[in-house]
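Enquirer: Here it is, the structure, as structure tokens.
Quick note: the coordinates plus some simple rules give every number you see, no bench work behind them. Bear in mind that the values here come from a model prediction, so they are computed numbers and not experimental data. Please note: Cβ atoms are built from the backbone with ideal geometry, for glycine as well, and neighbour counts cover all protein chains shown.
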Amino acid sequence: MSKGKLFKELVNAPEILVSPGVYDGFSLKITEQAGFKAAAITGAGVSECHFGWPDHGIMGFEGNLRIARMLAERTEMPLRVDADTGYGNAVTVHFVCRAFEKAGLAAMMIEDQVWPKRCGHMAGKGVIPTEEMVQKVQSAADARIDQDFCIMARTDSAAVYGVNDVIDRLCRFVEAGADICYADALMTVDDVKKVVENIPAPLCVNMGLGFQTRGTTPLITPKQLQAMGVAMVTFPRLLTTAAVKGMQNCMEAFKTMIEGEEPEAREDLQVSFKEIGELMELPMLDDLDEKYAVNAKTAE
Amino acid sequence: MADTKSKGRRLKDLIEAPEILLSPGIFDGYSARLVESRGFKSGAISGAGLSECHLGMPDRGLMGFEENLSNCRAIADCSDLLLHADADTGYGNAVNVYFVTQAFEKAGMAAVMFEDQTWPKRCGHMVGKSVIEAEEMVEKIHAACDAKKDPDFIIKARTDSRGPLGLDEAIKRLNMYAEAGADLLFADALLSEEDISTVAANVDKPLTVNMGLGIRARSTTPLVPPKKLEEMGVAAVSYPRLLTTSAVRGMINGLDAFDEMVKANEPIDRPDLCVNFEELNDMLDVKFLDELEEKYAIGGDK
């Protein structure tokens, strides 16, 4: 079964598909180990982690593609990539879609923001005319080689033109060939319900950090979302913010240590050397060494 | 007032200062920005961290030169830290090292480290290491020193010979590398405090050591607090595994609690597990982007 088909089946299953946002080797392997069936690559996380800048369209197509390919190569989970605005017009989208499909992704999200885009939960968003985005979706749908490679069409219009425009846009995107709809930064529970009820395709929503309400979207649990008819929920900011929290906590203990205190083992603050090795599949490397690199085993 | 000294010069000043220089290991935008925000002046880019984070692979020589370089450049482009690059074995012979040195200097590093392992290398604290001939490594150090444009760009020579060949050989090698022009010496995976004291007392250039996770011991090297290292005559210490292991711990803690949330009927607020959105954006210097927009992107939708 192609990754796209697998992803589509997971989205269409009666249970809501819950996907943490992944962005690097660590988050990918942790998500996989925790047993998630699919994951959504967070464009914000990729930009912040690999390029050190917030999600303001600083990262370009090649940077995004390189990381997405790496993530797809390192997991069996079907992955959805965040292709931002498609990095140009509908013609650009043709090549962007092909590239992500060839890179081993299962689904591609494309959004209707003006470029340079920004995180959907920041102020100052602008959206392109519906007509232009319809062309981009059509171009993506035509460009795919595997018909099951999923096109997820996202609108950021809620903050700009309101929920009725969101519904209008998503319906047009589905008509143009989108398999899944994504409405970012919906303002209320009622808006989420209204969108679900008025579009002819599965809906995916974004619950950000998972553990923290933002001013832009209410925090709704997966169970509640499922009851409302939402097909998929992503938590793009869950692991980036948890990783940074983990590093911050560690820096506090590190500061104490620098000031001369004897270090105490704080297993709550770090994983061990062995655990991180196992997470990164060191045993697989050892097996390959054992099998092929017979001379490498001499020392120590 | 802008500092007109080169990055290499500024890092050299910190290494030569009486106080020991602490460099947490960094590997991505988050760790670089966090370390800088905590007031550290320098960061040691961890080759292990780069490989794990950006390639999803353990530190076993699977990351190539170009990948290492582009990730180092990205860190230099978002940070004012004085950076140490980890150039592994230099990706070939002494001729490769010549070009690798120039590339890392141009990418905005203050120092570059070369090690005397055979390729494919592995993390210095893993079993199965082996080293090249000392004479071959001396040629690599020669090439690196000849290649640099800024005479203060720091060449850090690392030996992994303590495990396979013993302490005397490690000291002998470090002095050969010093004579070849290395500015900073690094003996990885020393086995005891006594080892560290002995090396510090017997090498001709400043010594730097690796204290791994920083707040957690590993079996290969004892955990020695920086004050004690300073008393032992160590000039600099890096903590390459400090932040990768804590980032992973943070993510695991987050996902453990997430599991409860997925089953819950009401949202759960856990500010202890995640930084908030504003704090994250502040750390990533979103303010700078806002200022640029204010100044130049006046046609943009506000």
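Enquirer: Can you list residues from other chains, or at least 5 along the same chain, whose modelled amide H is less than 5 Å from the amide H of B:I26?
Expert: Here B:A44, B:I45, B:S46 satisfy the definition.
Enquirer: Around A:P78, with a cut-off of 14 angstrom between Cβ atoms, what is the net charge of the other residues, counting Lys and Arg +1 and Asp and Glu -1?
Expert: -2
Enquirer: Sequence-distant or interchain residues sharing an amide H contact under 5 Å with B:S130, placed H: which?
Expert: Amide H neighbours of B:S130: B:T118.
Enquirer: Shape call for the protein assembly as shown from the C-alpha gyration tensor, a ≥ b ≥ c root eigenvalues: rounded (a/c under 1.5), prolate (a/b greater than b/c) or oblate?
Expert: Prolate, because a/c is 1.5 or more and a/b exceeds b/c.
Enquirer: Taking the alpha-carbon distance from A:K117 and a cut-off under 17 Å, which lysines remain once sequence neighbours fewer than 8 residues away in the same chain are dropped?
Expert: Here the lysines satisfying the reach criterion relative to A:K117 are A:K125, A:K136, B:K287, B:K302.
Enquirer: Among bridges DSSP assigns within chain A, what percent are antiparallel (round to 5)?
Expert: 5
Enquirer: Using only Cα atoms, tell me the angle between helix B:94-106 and the longest principal axis of chain B; keep it within 0 to 90° and round to the nearest 10.
Expert: 40
Enquirer: If I build a Gaussian network model for chain B, linking alpha-carbon pairs within less than 10 angstrom, which residue out of B:T89, B:T101, B:T220 has the largest mean-square fluctuation?
Expert: Looking only at B:T89, B:T101, B:T220, the largest GNM fluctuation is found for B:T220.
Enquirer: Per-residue HN-Hα couplings for the range B:203-220, Karplus 6.51 cos²θ - 1.76 cosθ + 1.60 at θ = phi - 60°, whole Hz, x for Gly and Pro?
Expert: Rounded to whole hertz, the list is 10, 8, 9, x, 10, 10, 10, 10, 10, x, 7, x, 10, 8, 6, 10, 5, 7.
Enquirer: Sum -39500 (n - 2.57) across every DSSP H segment of at least 4 residues in chain A, then divide by the residue count to get the 222 nm mean residue ellipticity, nearest 500.
Expert: My calculation for chain A gives -14000 deg cm²/dmol from helical runs alone.
Enquirer: I would also like to ask the following. Given H placed 1.01 Å from N in the peptide plane, which residues other than close sequence neighbours of B:I154 have an amide H under 5 Å from its amide H?
Expert: Placed amide hydrogens put B:A111, B:V112 under 5 Å from B:I154.
Enquirer: On to the next question. In the protein assembly as shown, what percentage of the DSSP-assigned beta bridges are antiparallel, given to the nearest 5?
Expert: Antiparallel bridges: around 5 percent, rounded to the nearest 5.
Enquirer: Moving to a separate point now. How about A:K193: which lysines have a C-alpha closer than 17 Å to its C-alpha, ignoring those fewer than 8 places off in the same chain?
Expert: Here the lysines satisfying the reach criterion relative to A:K193 are A:K223.
Enquirer: A further question on this structure: Please work out whether the range B:189-302 counts as rounded, prolate or oblate from its C-alpha gyration tensor, where a ≥ b ≥ c are the square roots of the eigenvalues and a/c under 1.5 means rounded, while otherwise a/b larger than b/c means prolate and anything else oblate?
Expert: oblate
Enquirer: To the nearest 10 degrees, how steeply does helix A:163-175 sit against the main Cα axis of chain A, on a 0 to 90 scale?
Expert: Roughly 90 degrees between the two axes.
Enquirer: Going by alpha carbons, how many degrees (0 to 90, nearest 10) lie between the helix axis of B:7-16 and the longest principal axis of chain B?
Expert: 70
Enquirer: Taking θ = phi - 60°, what integer Hz values does the Karplus form 6.51 cos²θ - 1.76 cosθ + 1.60 yield along the range B:32-46, in sequence order, with x for Gly and Pro?
Expert: 4, 5, 5, 4, 5, 5, 8, x, 6, 8, 9, x, 9, 5, 8
Enquirer: Pick from A:A231, A:A176, A:A13: which is most flexible by mean-square fluctuation in a GNM of chain A where alpha carbon atoms under 10 Å apart are linked?
Expert: Judging by the Gaussian network model, the answer is A:A13.
Enquirer: Something else now. Just to check I understand the Karplus step: with θ = phi - 60° and J = 6.51 cos²θ - 1.76 cosθ + 1.60, what whole-Hz values come out for the range B:186-193, glycine and proline as x?
Expert: Per residue, the Karplus-derived 3J(HN,Hα) values read 9, 10, 8, 6, 5, 8, 8, 4 Hz.
Enquirer: Mind checking B:37-46 for the average number of partner chain beta-carbons within 10 Å of each residue's beta-carbon?
Expert: Across the residues of B:37-46, the mean count of other-chain Cβ atoms within 10 Å is 1.
Enquirer: I've got another one for you. Decide, for the range B:7-247, between rounded, prolate and oblate: order the square roots of the alpha carbon gyration tensor eigenvalues as a ≥ b ≥ c, take rounded if a/c falls under 1.5, and otherwise choose prolate if a/b is larger than b/c, else oblate.
Expert: It is rounded, given that a/c, with a ≥ b ≥ c, falls under 1.5.
Enquirer: Another question about this same structure. For the protein assembly as shown, what is the charge dipole size about the Cα centre, in debye to the nearest 20, if Lys and Arg each add +1 at the Cβ and Asp and Glu each add -1 at the Cβ?
Expert: The dipole magnitude comes to about 680 debye.
Enquirer: Continuing with the same structure: A 20 angstrom limit on the alpha carbon distance is what I want to check against. Which of B:K106/B:K148; B:K121/B:K149; B:K106/B:K129; A:K102/B:K121 exceed it?
Expert: Violating the 20 Å limit, Cα to Cα: B:K121/B:K149; B:K106/B:K129; A:K102/B:K121.
Enquirer: So what is the relative contact order of chain B, in percent, for Cα pairs below 8 Å that sit 6 or more residues apart?
Expert: 18
Enquirer: List the pairs from B:K41/B:K227; A:K29/B:K41; A:K3/A:K29 whose alpha-carbon separation is above 23 Å, in the order I gave them.
Expert: From the list (B:K41/B:K227; A:K29/B:K41; A:K3/A:K29), the Cα-Cα distance tops 23 Å for A:K29/B:K41.
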